[in-house]
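Below is one structure, written out as structure tokens; comments come after it.
The values are calculated or read from the model by the stated rules, or taken from the named source; none is laboratory data. Because the structure is a prediction, the values reported are computed rather than measured. Virtual Cβ from ideal backbone geometry, glycine too; neighbours counted across all protein chains shown.
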Amino acid sequence: MEKGWFLHKSQSTNKTKPEPKKHLKKNCGETEKITPSGKVRLFKIALLVVAISFFLYTLYYAIIGTLFLSHFPLVIARLPQFIKSSNPNLQLGLFLFQELSASVGNYLGLVSATFGLSGAVLFFKNDVRYLGQLWKIVLFESLFFLLLFPAALNHLIGTIISTSALLNFYTGVSFLIQTVLIFPALFTLSCKLRKPQNLPPIIKWVCITAPLYVFSFWVRHGFLWVYALSPSSAQNTGLIGVVGSVNSLVTLLVAAIVTSMMVLSFRQKKKVNMRLVGVALILIGSYFFIYDIVSLWVPIYREFLILTDFWMITLTFLGIAVLLNFRNKLKMH
């Protein structure tokens, strides 16, 4: 991530009369332009907005998880009413493992977001201590995805030994793929980030992690369409339903492809293509923006809105800021 760009000014040896500053006045009718420093500030603000939205999102789920745990005995007592199983003890154990792991995962996600918000504030203040927050953010995020594995077990095994609307094979596959793709890469990256001065292994694992991370989100939301949104196709009639389906199946996939192209470009040219970074961020944010718009007309999308990572809509703002900074860099060279 680039910290900023600096304009080089020639220094005059004539100290008797300083050169007049340019661009201080505007001609009549001329619009004011954002300065390079203003664009860098815009990027910092966008990053701060993303960090705040992620923090509020994880805080919300931590609160929900706490409320759920407070009613956990009642949930366990009523569980047989919702799940009919040929092996009740195993099913109960799987369910307990899933819910307790999910609650811990929610708290770990909040810890990750807290470090993220702290790092974004430090970065906004040009405080290099933000580098020390990066490995913590990635570590706790990796542990969050590791704790999706019990949910994968519950859904995959549960669909074999039990019958319930609470269990779904595709949900289990989705959780399993996310765990396998994201946890090892993020955890390894967090270990490399503990030594920020050693850049080669960090760059290597960023290149591995970024495409896998985006691709796993396509898997997650693609499977959401398969097991939840698509079966309710009767509600998805009309153009808006088609837009929702195309968005669920295509937008994040294209974002993953663009991210992979960015990595390949970097491996070949040893230079980050910031335009591709910006486009990928905009595509990810656009998926959630389109989903929200579709949910206004299609009830089933609205019902499952809570299961989406809706905080990521702010990545659109960050992507635009990245593109503006990229254009600014080109103009200064």
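Taking region 141-238 as the region of interest, the helices (runs of 4 or more DSSP H) fully inside it that hold 2 or more residues being within 27 Å of LEU59 (Cβ to Cβ), outside the structural domain of PHE54 (by TED's automatic domain parsing) and without any contact (Cβ under 8 Å) to a residue 40 or more places away in the chain are 199-224.
Taken together, the residues in region 75-109 that are surrounded by 14 or more Cβ atoms within 10 Å (Cβ to Cβ), of a type in the set (Gly, Ala, Ser) and not in a helix (DSSP H, G or I) amount to 1. If we keep just the residues of region 129-160 that are over 11 Å from LEU108 (Cα atoms) and hydroxyl-bearing (Ser, Thr, Tyr), which is modelled with the lowest pLDDT? Within region 129-160, the match that is modelled with the lowest pLDDT is TYR130.
If you go through region 123-138 and pick out every residue that is over 18 Å from GLN197 (Cβ atoms) and surrounded by fewer than 21 Cβ atoms within 10 Å (Cβ to Cβ), you end up with 3. Scanning region 51-74 for residues that are touching a residue at least 12 places away in the same chain (Cβ under 8 Å) and aliphatic (A, V, I, L, M) gives ALA51, ILE52, LEU56, LEU59, ALA62, ILE64, LEU69.
Residues are listed down the side, and each one gets a yes or a no for (1) farther than 25 Å from VAL75 by Cβ; (2) at pLDDT 95 or above:
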residue: ALA113; (1), (2): yes, yes
residue: ASP127; (1), (2): yes, no
residue: LEU176; (1), (2): no, yes
residue: LEU199; (1), (2): yes, no
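Taking the criterion of being of a type in the set (D, E, K, R) and part of a helix (DSSP H, G or I), the residues of region 240-299 that qualify are ARG267, LYS269, ARG275, ASP292. Anything in region 76-120 that is without any contact (Cβ under 8 Å) to a residue 40 or more places away in the chain, out of contact with any Leu (no Cβ under 8 Å at 6 or more places or on another chain) and of a type in the set (Ser, Thr, Tyr)? List them, or say none. Within region 76-120, SER118 is the sole residue that qualifies. Among the conditions (1) over 19 Å from ARG220 (Cβ atoms); (2) surrounded by fewer than 17 Cβ atoms within 10 Å (Cβ to Cβ); (3) of a type in the set (A, V, I, L, M, F, W, C), the only one that VAL322 does not satisfy is (2).
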